[in-house]
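Novice: Next up is a structure, given as structure tokens.
The values are calculated or read from the model by the stated rules, or taken from the named source; none is laboratory data. Keep in mind that this is a model prediction, so the values were computed, not measured. With ideal geometry, Cβ positions are generated from the backbone for all residues, glycine too; neighbour counts draw on all protein chains shown. The accessibility values were calculated without ligands, DNA or RNA, using every heavy atom of the protein model including side chains. Shrake-Rupley method; radii C 1.70, N 1.55, O 1.52, S 1.80 Å.
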Amino acid sequence: MEFPNCQIFRAAISQYAVCQRRNLTVNISDKAGSKLRAVCKDGCPFSVYGSLDKKTSSFVVKTVNPKHTCVRTMGTNKQLTSS
């Protein structure tokens, strides 16, 4: 998948986390913010890695491990905001 920029990629990760009822953490891999990895907080193998493609200036998903071994959270979700 491609996203126009890093902020829209982060918003998509947050939307996924809210819809799936998962607590995800987004880690920045470099100081420029051109590489991001989202992992499940509960230690399960789910992860999404994306980075900036210099040719197209878009943010591209490079690696996805879609399997969750954790249970869904029924309580608070850190990605859920009032907006």
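Novice: Six or more apart or on different chains, Cβ atoms under 8 Å: show the pairs whose first residue is in the stretch 58-74 and at positive phi and whose second is open to solvent by less than 100 Å² (accessible area, probe 1.4 Å).
Specialist: Hits for this filter: zero, empty list.
Novice: Does the stretch 2-37 hold any residues that are surrounded by 14 or more Cβ atoms within 10 Å (Cβ to Cβ), out of contact with any helix residue (DSSP H, G or I) (no Cβ under 7 Å at 6 or more places or on another chain) and part of a strand (DSSP E or B), and which are they?
Specialist: K35, R37
Novice: Go through the stretch 12-35 residue by residue and tally those that are free of Cβ contacts under 8 Å to residues at least 24 places away in the same chain and farther than 20 Å from H68 by Cα.
Specialist: Matching residues across the stretch 12-35 total 6.
Novice: Test of understanding: among K41, K62, K67, which residue is more than 13 Å from the chain's Cα centre (by Cα) and not acidic (D, E)?
Specialist: On the way: K41 fails: more than 13 Å from the chain's Cα centre (by Cα); K62 fails: more than 13 Å from the chain's Cα centre (by Cα).
Of K41, K62, K67, the one residue that is more than 13 Å from the chain's Cα centre (by Cα) and not acidic (D, E) is K67.
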